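Laboratory data are not the source of any read-out in this text; all were calculated from the coordinates shown. The model shown is predicted, which means the values in this text are computed figures rather than measured ones. Quick reminder, even Gly has a Cβ in these numbers, built from the backbone with ideal geometry, and neighbours come from all protein chains shown.
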Amino acid sequence: MITIALAGNPNCGKTTLFNSLTGATAHVGNWPGVTVDKREGTCKKGSQPVSVVDLPGIYSLSPYTPEEVIARNFILDSKPDCVIDVVDSTNLERNLYLTTQFLEMDVPVVVALNMTDELDKRGDKIDAKYLEEVLEVPVVRISAFTGYGIKDLINRAIAASSRKRRGISVLASTAVSDMIAKVAERMNDETESPVFHAIKLIEGDSVEREVHKKSTAYADELLADFDDEVFGKDIEALVANERYNYITAHYSPALKKKEGDNKKLTKSERIDRVLTHKIWGIPIFALIMFVIFHLTFSEDFLFLGAMGAFGKYRGDEAQWICFEGSYFEGLFGSSDGINSPGVILANLVNGLTGMIQGGVTDGLTSIGTAEWAVGLVGDGILGGLFAVIGFLPQILLLFLFFSILEDSGYMARVAFILDRIFRRLGLSGRAFMPMIMGFGCSVPAMINTRTLADERERTATIRVIPFFSCGAKLPILTAIAGGMIGAFGVGDAGLITFLMYFVGLVVALASVLVMRNTTLRGTLTPFIMELPEYRAPGFKSTMLLLWDKCKHFIKKAFTIILASTIIIWFISHFGWKWNYLPDERMGESILASLGSLIQPLFTPLGFGAQLTDGLAGAGWVFAVAAITGLVAKENVIATFGTLAAAVVTGFVADEALGGVDAVTKLIGVTGISGAGCIAFILFNMLTIPCFAACATAKSELPKGKFKWTLLFWVVTSYSVAAMVYTVGAFVWPIAIWAVVIAAAVAGIILFNIKAKKKAKAKEIKA
Amino acid sequence: MTVKKLSEMRPNESGTIVDTHGSGWVRKRLLDMGVTKSAPVIFRKSAPLGDPVQINLRGYELSLRKSEAELVDVEVLFSAPTDGAAARKRERLEEKEAKRKAREEAKEAKRKAREERKEGRK
């Protein structure tokens, strides 16, 4: 089977083309740089099946970014039978710059003029025949979006792949053409694509110069005698300049703009006037974010409830939306307000899964299955799986909104608006999107970091995403804050919740700042970014993306998460003698004894050894809840519910209170202090996130970084919680913490000054 | 004809690029994106917080930080149309810029003086 590589600028419609060629579901976004790695698929649309490789989008074949190196190495080393160079015909000049570099390689090239539908809409005309003559390779008009010309493209690529092609250069009649010819002749026996390599050597490409040392020496000899009257010895600028000059002189005439269209503002310019407006730009962005989260997570849609829209229907009379007593209780809302679409979908899924779980449990019980087997299947396997799948609707909805923003081109503007703020932390404006998504769910947020160009920047962002407290952590906040009010009679639950969110944010930003100055140090990458034209997102590509996410998530739920829930269920329902324990006797389980074993570790956090003196000797519940939270954060409160039943005699949980009563009781019997409660919340918020998030982090982080990330989460959560507890409980440790923090900050600053000096000294030496 | 840095251009001003400075990746990236000699360029706007800036060149929109725009020299061909309000605004901006420069120079002078003192002690 022949191999065809798809290459082109970022955001030229390459991935859309790949999807429509292969039917695969690579991620498409109207954001420069969505495809980070190359991906493969099979295309059966042409005269014979071909293997298609989608290369990352690049602007040039320079050696500076990983994407550029991946693309270049693939074409030179893996030798595809043909390269389809995808060109955005609405942005011809800059796209053809890359084409001029492909033409220099000894590989068959077919140019695909994409986005012709967009061009037709504007009334512009492109002459493919003319381009074919001047480029000397096949040129095909296509639209990946509508599917126009795709069959023709693939057939011409198949035809072209059987003909050998020698590299030609647009630099043939310039000041450097002599040098190129001489070096290329030398390299002819040494390597394929001698013209390409020769130009790279003359340009001073560091990667190439390492590989071809002999020819480099020869090129340097020639360079020593070279002096251009305009550019001097600055070959890099000369080459770029000549390429663009050639394009404007010979290729650009192929595009005929509609007459009299020059003065009118384009659609994108008009939209930008509003969306990146000096004053309104930021408020509009904040509003868009708010609407997205409101649609996904709000339980008081449009604030109808708060505004009193239900009037006399409040309270018991709001039955029509409550479905009380069924699995779908509160599907459309409660007496406080109507649910947002996201919450309705989540309730629907939870109702369905609850029904299945209930049905299976009842069915197994009725045919006389052993109690432990019923528990394993019902609570262990189905319960664990469904708890994770319950998130799917809201995650997908959040994904849908963000992918619409991305496809439309607005995401690039967000980076443009916010870059100024994030630069201070050592990040670029693009880091904002994943972070704010973290308030919804860490999983899509971590995947979204792919739009960050720099690997270190990406690692830092992924690490702090869990600190943006996600939807599943909210119940921990509300239940414990509520419990504290019940038990101590002081405080304001709303205020505590808000403060915790705020602490998470501060810790996130502080740790980014620290990481970018210590372990993940690196120069700020330049922010030279294309602002793509606004486009209406395609329905098909958006749905393909959602389906892809869905598959990904469910696969994870059925592997790693399933395994972990089964293990947790076993150790929480069996004692050391392999005797089955019902929920009420969880206190005798393996988990409980492990809990009391590790409990002392949490002493500095206020929920460790000091709690063993509690009334019922149940101090280990907090330690155990924190551990079960590692699977999924909603386990924390669920565990409190079951454990309260186990350790407090005569306790019956009231589901409607969302665990507040269980927490109140547990605070009472264990004697945990208020500071300990706050520390417990913070520990759970900042520590290792749920299994789903960990699995995502592992696949998104660069190799070898995941174990350090786990350590980072543990250390950060432990020290922040310890700091809050010790200061809150005894006050005087504030002095110690202040000294420790001051010393750390001073150390980092001094170290950086030293490193800077060293670098400078090196520079001077060189 | 005046030559100034791309970062100093005003909204709707247009011109042609004269030179691209800098080194390494930043420079190569600028060149690859079409920021080359004699390319026409229109300065669109600054971001709401003043940085980065947006320019139009070779038929597309490019955003870059001021620190990167400083590396590009542009020969201004067509100044932005001025009306009363715009002119006043420009004056205010220029005043602000001058003050900022003066502050920076003062800072620099102080730093130099400090360094000289240090040298003297040695």
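Just a few scattered comments:
- Against chain A, whose longest principal axis comes from its Cα atoms, helix A:706-730 is set at around 40 degrees.
- Pairwise centroid distance, computed over Cα atoms, of region A:377-441 with region A:97-167, Å: 36
- Estimated vicinal HN-Hα couplings, Hz - region A:114-131 in sequence order (Karplus 6.51, -1.76, 1.60; Gly, Pro = x): 8, 6, 5, 5, 5, 5, 4, 4, 6, x, 7, 10, 10, 9, 5, 4, 4, 4
- Within straight-line reach of A:K257, meaning a Cα separation under 23 Å, sit the following lysines at least 8 residues removed in sequence or on another chain: A:K121, A:K125, A:K129, A:K267.
- Whole-number percent relative contact order across chain A, with pairs defined as alpha carbons under 8 Å at least 6 apart: 9
- Electrostatic bookkeeping for A:G378 treats Lys and Arg as +1 and Asp and Glu as -1; over the other residues with beta carbon under 13 Å from its beta carbon, the sum is -4.
- Taking Cα atoms only, the orientation of helix A:733-765 departs from the longest principal axis of chain A by about 10 degrees.
- Rounded if a/c under 1.5, otherwise prolate or oblate - chain B, Cα gyration tensor axes: oblate
- To the nearest ten degrees, helix A:660-670 and the longest principal axis of the Cα atoms of chain A are 60 degrees apart.
- Phi angles across region A:596-605 convert, under the Karplus curve 6.51 cos²θ - 1.76 cosθ + 1.60 with θ = phi - 60°, into 3J(HN,Hα) values of 5, 5, 8, 3, x, 4, 8, 4, x, 9 Hz, Gly and Pro given as x.
- Counting Cβ atoms of other protein chains within 10 Å of each residue's Cβ and taking the mean over peptide A:573-582 gives 0.
- Virtual spin-label span in nm between A:L601 and A:R163, 7 Å along Cα→Cβ: 6.8
- The mean number of partner chain beta-carbon atoms within 10 angstrom of a residue's beta-carbon across peptide A:233-240 is 4.
- Between B:E97 and A:K555, the modelled label-to-label distance comes to 5.4 nm, taking each label 7 Å out from Cα in the direction of the beta carbon.
- Listed peptides B:27-34, A:576-583, A:715-722 by packing density, highest first (mean Cβ within 10 Å): B:27-34, A:715-722, A:576-583
- Prolate/oblate/rounded label for region A:3-161 (Cα gyration tensor, a/c 1.5): rounded
- Straight-line cross-link reach from A:K182 at under 30 Å between alpha-carbon atoms covers these lysines, not counting any fewer than eight positions away in the same chain: A:K79, A:K164, A:K200, A:K213, A:K214, A:K233, B:K28, B:K37.
- Distances between placed amide hydrogens fall under 5 Å for B:K5 paired with B:V74, all partners being 5 or more residues away or on another chain.
- As a length-normalised measure over Cα pairs under 8 Å and 6 or more apart, the relative contact order of region B:2-78 settles at 46 percent.
- For region A:559-729, the square roots a ≥ b ≥ c of the C-alpha gyration tensor eigenvalues yield an a/c of 1.5 or more together with a/b not exceeding b/c, which makes the shape oblate.
- Listed values for region B:111-120 are Karplus-derived 3J(HN,Hα) couplings in whole Hz (6.51 cos²θ - 1.76 cosθ + 1.60, θ = phi - 60°), namely 4, 4, 4, 4, 4, 4, 4, 4, 4, x, and x replaces Gly and Pro.
- Positive contributions from Lys and Arg (+1) and negative ones from Asp and Glu (-1), summed over other residues with Cβ under 12 Å from the Cβ of A:M115, come out at -1.
- Per-pair calculated FRET efficiency, R0 = 60 Å: A:S593 and A:A761 via Cβ, rounded to 0.05: 0.55
- Most to least packed among A:39-46, A:395-402 [average Cβ atoms within 10 Å]: A:395-402, A:39-46
- Spatially proximal lysines relative to A:K473 (Cα-Cα < 17 Å; intrachain offsets below 8 disregarded): A:K633
- Placing a label point 7 Å from the Cα of A:K121 along the Cα-to-Cβ line, the residues of region A:275-289 whose backbone N sits under 20 Å from it are A:275-276.
- Built amide H within the under 5 Å cut-off of A:Y580, gap 5+: none
- Under 5 Å between amide hydrogens, built in the peptide plane, is the criterion, and for A:L531 it picks out B:E61, B:L62, B:S63 among residues at least 5 positions away or on other chains.
- Legend: mean number of C-beta atoms from other chains within 10 angstrom of residue C-beta atoms, peptide A:522-534, equals 5.
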